[in-house]
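Data first, discussion second: the structure below is written as structure tokens.
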Amino acid sequence: MEEADTLKLLEELRIKAERCTKCPLSATRKKVVFGEGGVRLRVMMIGEAPGREEDAQGKPFVGRAGKLLDEILHNLGVGRENIYITNVVKCRPPGNRPPRRSEVEACEEYLLGQFSAIKPRLVMLLGGIALKAILGEHYSITYIRGRHIVKEGVVFLPTLHPASALYNPKNRELIEEDIRKFKALLDELNQ
Ligand code: URA
Ligand code: SF4
């Protein structure tokens, strides 16, 4: 698919999501956080759900966890602008509670639409909620992080959620290690 066609599909889906009332999170959100970023490399990062700052701005990973993620990506020489970043659910759960299974299921059509528009080759899963929602409930983030899984031709790489590194330097080191691996996988795909 041409890049322009991908962008057109994403734009159509964004318009639909912005009016979505399929789950109760629509009642408390300020803005739908659909996702953003470059699609040319066909690389995605998927987090859990928007937080307060994301809800206010309508953009993914712009709060404190996002700033930390930006810093790690920048230090390791990975350009955030080349990655399409989104979340499992597009609206903020009140008080940042984890999204419910019913909300993840209601919102799945948007993530699946993003997948079929972008056709990602490499997907980094940020945290246990994204891991379980996408690869299955039986996975544990602490055991599987840093190890890639190939499913239907797509390389998935789970890591800890960046928020878990805000006060935990050990977790930050683990995320850095995984993002180094992400970069190596990306270089391999681009060869
Ligand atoms: N945490 C997430 O999982 N997603 C965001 O967009 C921001 C914080
Ligand atoms: Fe719709 Fe997803 Fe928002 Fe629920 S979280 S209202 S399904 S866009």
When the stretch 117-159 is checked residue by residue, the ones that are polar (S, T, N, Q) and over 15 Å from the mean Cα position of the chain (by Cα) are Ser140, Thr142
So which strands (runs of 3 or more DSSP E) stay within the stretch 60-154 end to end and still have 1 or more residues that are within 13 Å of ligand 2 (Cβ to nearest atom) and open to solvent by less than 40 Å² (accessible area, probe 1.4 Å)?
84-87
If you take the residues in the stretch 38-52 that are out of contact with any Ser or Thr (no Cβ under 8 Å at 6 or more places or on another chain) and either part of a loop (DSSP other than H, G, I, E, B) or within 14 Å of ligand 2 (Cβ to nearest atom) (or both), which one is nearest to Lys119 (Cα to Cα)?
Arg42
Of the residues that make up the stretch 155-170, is at least one part of a loop (DSSP other than H, G, I, E, B) and either without any contact (Cβ under 8 Å) to a residue 24 or more places away in the chain or hydroxyl-bearing (Ser, Thr, Tyr) (or both)?
yes
Residue that is surrounded by the most Cβ atoms within 10 Å (Cβ to Cβ) [pool: residues in the stretch 1-37 that are more than 14 Å from Ser116 (Cβ to Cβ) and of a type in the set (Asp, Glu)]
Glu36
Please go through (1) in contact with a helix residue (DSSP H, G or I) (Cβ under 6 Å, 6 or more places away or on another chain); (2) at pLDDT 95 or above for Arg80 and return the number of the only condition it doesn't satisfy.
(2)
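The values are calculated or read from the model by the stated rules, or taken from the named source; none is laboratory data. On a predicted model such as this, the values are computed, not experimentally measured, just so you know. A quick note on method: Cβ atoms are made from the backbone with ideal geometry, for glycine too, and the neighbour counts reach across all protein chains shown. Just the protein is used for accessible areas: all its heavy atoms, side chains included, with ligands, DNA and RNA removed. Shrake-Rupley method; radii C 1.70, N 1.55, O 1.52, S 1.80 Å.
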